[in-house]
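Some notes on the structure that comes next.
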Amino acid sequence: ADGHTIGSAGTLARARTWMTMALLKARNALQSGRTLVGHWAGCGNPLMAETVSATCDYDVFVVDCQHGILDASDAMAVLASVRNATPFIRLRDVSPSHIHHSLDAGALGLIAPLINSAEDARAFVEESMYPPLGRRSFGPARASLLSPNYFQEANGLVMCWAMIETAAALKNVKEIAAVEGIDGLFIGPNDLSLSLGVGPSSSPNDPRVIASIEQIRDAAHAAGKAAGIFCGDGAYARAMADQGFNFVIAGTDTGLLAAAAARELAIVRGISGTSAGGSKAGY
């Protein structure tokens, strides 16, 4: 049945009758060939999530459950606060209970860490899909509020992104990309750098890391899948988009807050040069 076909056109057409375009924003953008731009949230604050997503035109809002300082209740509250973007979760791990709980909380995209083989990727997809495509358990506590037809349409709407961030995953990247149900490969440049014997960087410039990033991107595209990457700032995100990545992160909540605070403080202190009022003296 069409409702059990991953990402089918029929599924999306019917979904538009009951889901807001914001919830479908990521899939629609990818299908139209537009690069997804995402925000990465790890502080678990619903007001910050709502403010950023309501005032900025992000395609994706990622709640980081692996390294973010938040628990399951925090994650659901943040998901419920997202406006004008498709809610994703970067999973803490790929245990069935955590995958099921994240989807039941209302995530429409999952980014799975440490996918090192095709077997890992298949298990991730199977836990993300209801039968007959997978073995996701039924209990969409909050997700069912997205639509009265959630169960019938869920398999065609949930997006599965496999993180490639280790030397083992790099070795198996073609096989991982070929797994049915994987929508895209997502690069974690910090851990990828570490696995290659280089210091962590969200804007890497080491030749070995750059070559690996290009290898992962090319493997995704060769399999007809999307390629995504975590980026520490907008400049690196723009550079990666220009190099063919389909999904880029343009900074984190805490990183952007710290940068904005430092910038404004520098203006007051006079560190950045002449103030708006013309005074060169700082405070």
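The values are calculated or read from the model by the stated rules, or taken from the named source; none is laboratory data. A quick note: this is a predicted structure, and the numbers were derived from the prediction, not measured. When we count neighbours, we look across all protein chains shown, and the Cβ atoms used for this are built from the backbone with ideal geometry, even at glycine. SASA here: full protein model, heavy atoms, side chains in, ligands and nucleic acids out. Shrake-Rupley method; radii C 1.70, N 1.55, O 1.52, S 1.80 Å.
Within the range 206-230, track down each residue that is closer than 23 Å to Leu36 by Cα and free of Cβ contacts under 8 Å to residues at least 40 places away in the same chain. Those that are closer than 23 Å to Leu36 by Cα and free of Cβ contacts under 8 Å to residues at least 40 places away in the same chain: Val209, Ile210, Ala211, Ile213, Glu214, Arg217, Asp218, His221, Gly224.
Scanning the range 116-143 for residues that are among the hydroxyl-bearing types (Ser, Thr, Tyr) and open to solvent by 10 Å² or more (accessible area, probe 1.4 Å) yields Ser117, Ser137.
A single entry from Asp104, Asp59 fulfils the requirement of being acidic (Asp, Glu), touching a strand residue (DSSP E or B) at 6+ places or on another chain (Cβ under 6 Å) and at pLDDT 95 or above: Asp59.
With respect to the conditions (1) crowded, with 18+ Cβ neighbours inside 10 Å; (2) at negative phi, Gln66 lacks only one, and its number is (1). Of the helices (runs of 4 or more DSSP H) lying entirely inside the range 20-136, the ones with 1 or more residues being touching an Asp or Glu at 6+ places or on another chain (Cβ under 9 Å) and more than 19 Å from Phe151 (Cα to Cα) are found at 25-32, 46-55, 72-81, 118-128.
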